Amino acid sequence: MGERKHDKLLGIRTVGLREWKDGHAQYNRYEPTPYKALDALAENYKFRGINRVVDFGSGRGRVAFYIHNRFQLPVTGIEANCQTYEEALENKAAYRLKAQHIAAPIKFKYGLAQRYKIDKRDNCFYFFNPFSVHIFRKVIHNILRSVEKYRRTVDLIIYYPLQEYKDFLETSTPFTIINKIRVPGASDKKEKIIIYRLNEEVFDTDECINF
Ligand SMILES: C[S@@+](CC[C@H](N)C(=O)[O-])C[C@H]1O[C@@H](n2cnc3c(N)ncnc32)[C@H](O)[C@@H]1O
């Protein structure tokens, strides 16, 4: 099924790109995760044990609507581009008419991902190449502080993982890879999803944890 057709089923408009007008070096453009990648994620990962999902750099909201619709989970999207954020809200109004039966909340916040206060119920964090590794480090730091305070298992879903993101997670954090999901028909090597997990048992060890 085409991207627009998929959008139509959800009652949303998420196709297209948006560059930053003032050319932010640290913030990447808007581009939605392809539905075929979301389908592969849904079929392989299944969101078992997940209470709340956060999409950092949520754009027009495609990932949030998709997960909310398919898994009936609470989802929060954080978006720093005002115009894109407004479009997510318009999408939400239209989507809600189609998804009145789903009680779980779906929220969009306008602001910087690195300033989002991690909620103790958040336990799954989605990234599709939203910003520089410098900002990514800050966001991961916030997640780790939250997990230290409110111990729980948390997952990171990284679509189109950049080498800098992978190097940072593998060398400087206690996250480990639990799954790599191939996107069917992908020609680009980066077009895949990596799931990283931090198990709450990591805190029971006497070893020095590298945060
Ligand atoms: C590649 S798009 C991904 C959109 C959406 N997550 C998806 O997969 O369909 C990245 C988004 O991150 C936003 N963004 C960039 N820097 C940000 C920041 N510091 N805080 C929040 N959002 C940011 C961009 O405006 C853009 O909409």
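Laboratory data are not the source of any read-out in this text; all were calculated from the coordinates shown. This one's a predicted model, so the numbers in the text were calculated from it and none came from an experiment. Glycine gets a Cβ as well: all are built from the backbone with ideal geometry, and neighbour counts include every protein chain shown.
Data overview
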{"read-out": "Of residues in the stretch 70-98 being surrounded by 17 or more Cβ atoms within 10 Å (Cβ to Cβ) and in contact (Cβ under 8 Å) with a residue 60 or more places away in the chain, the one farthest from residue 28 (Cα to Cα)", "value": "95"}
{"read-out": "Selection within the stretch 65-82 - in a helix (DSSP H, G or I) and over 19 Å from residue 115 (Cα atoms)", "value": "65, 66, 67, 68, 69, 70, 71"}
{"read-out": "Residues located in the stretch 37-94, provided they are under 27 Å from residue 189 (Cα atoms), within 13 Å of the ligand (Cβ to nearest atom) and of a type in the set (Phe, Trp, Tyr)", "value": "56, 65, 66"}
{"read-out": "The one condition in (1) over 19 Å from residue 195 (Cβ atoms); (2) touching a helix residue (DSSP H, G or I) at 6+ places or on another chain (Cβ under 6 Å) that residue 70 fails to fulfil", "value": "(1)"}
{"read-out": "Tally of residues being near the ligand (Cβ under 8 Å from one of its atoms), hydrophobic (A, V, I, L, M, F, W, C) and under 13 Å from the mean Cα position of the chain (by Cα) across the stretch 97-132", "value": "4"}
{"read-out": "Subset of the stretch 28-53 (residues that are within 19 Å of residue 72 (Cβ to Cβ) and among the polar types (S, T, N, Q))", "value": "44, 51"}
{"read-out": "Any pair with Cβ under 8 angstrom, 6 or more apart, that starts in the stretch 21-33 at a residue that is more than 10 Å from residue 130 (Cβ to Cβ) and ends at one that is acidic (Asp, Glu) and more than 6 Å from the ligand (Cβ to nearest atom)", "value": "32/3"}
{"read-out": "Top-ranked residue of the stretch 165-184 - restricted to ones that are in a helix (DSSP H, G or I) and within 17 Å of the chain's Cα centre (by Cα), ranked as surrounded by the fewest Cβ atoms within 10 Å (Cβ to Cβ)", "value": "166"}
